[in-house]
1. Going by amide H atoms built from the backbone, whose H comes under 5 Å of the H on residue 42, apart from near neighbours?
2. Which far-off residues, 5 or more places away or on another chain, put their amide H under 5 Å from the one on residue 89, with H placed in the peptide plane?
3. If amide hydrogens are placed 1.01 Å from N in the peptide plane, which non-local residues have theirs closer than 5 Å to the one on residue 106?
4. Sorted by average packing, counted as other Cβ atoms within 10 angstrom per residue and highest first, what order do 47-60, 110-123, 15-28 take?
5. Which of 15/121; 13/151; 33/56; 13/101 have a Cα-Cα distance over 31 Å?
6. Checking the a/c ratio against 1.5 first, then a/b against b/c, what shape does the Cα gyration tensor give for the range 34-112?
7. Output the direction-averaged projected area (hull surface divided by four) of the convex hull of the alpha-carbon atoms of the chain, in nm².
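Only the coordinates and a few stated rules stand behind these numbers; no lab work does. Keep in mind it's a predicted model, so treat the numbers as computed, not measured. As a convention, Cβ positions derive from the backbone with ideal geometry for all residues, glycine included, and neighbour counts pool all protein chains shown.
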Amino acid sequence: MKLTGECFCGEIKYKINGALFDARSCHCSRCRKAFSSQASAYALVNPSEFRWVCGKDYLTTYASQQGFGLQFCKQCGSTLCGIYENEVHGVTLGCLNEDPKIEIGRHIFVGSKASWEVIPKGITQHQEDAPKRRLHSTAYAAHSTNVMCKKS
Ligand SMILES: [Zn+2]
Ligand SMILES: [Zn+2]
């Protein structure tokens, strides 16, 4: 699969030669702020399949001490991807140009959602984090356990 993504102003563009996996939406207060939205919409990518095409000069990083961070466009403010130790491990679904043929499989920290958000019926919800799955790497673990998220 070939996917492309870009920020709102279009200066930053990326390309993915592969498929996204583990799409999720987190409704915690930190994700609301980080993604400027009611929740995150995020999926993992194999780092070796991700490539910046242009606009890296516009890319700004906000990283936590654990090495996990987000990268966004300093001109328009779009949040484009998640990084672990400076390597891209996931992308925000909103900045994709094509249909990634993946759906958000789980909604986490629904117990912390904003009072104004209405969650549709029939979706998989977790009051806090989803049950832990087998982890192949620290990087995957960092993303999979949502280190930036917290109840509230
Ligand atoms: Zn931009
Ligand atoms: Zn969160």
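1. 24, 93
2. Long-range HN contacts for residue 89: 82, 83, 84.
3. 25
4. Numbers: 47-60: 13.7, 110-123: 11.5, 15-28: 19.1.
Output ranking for 47-60, 110-123, 15-28: 15-28, 47-60, 110-123.
5. Working: 15/121 34 Å; 13/151 33 Å; 33/56 23 Å; 13/101 20 Å.
Table pairs above 31 Å Cα-Cα are 15/121; 13/151.
6. Numbers: a/c = 1.44, a/b = 1.24, b/c = 1.16.
Cα axes put the range 34-112 in the rounded bin.
7. Values: hull surface 35.4 nm².
Over all viewing directions, the chain projects a mean Cα-hull area of 8.8 nm².
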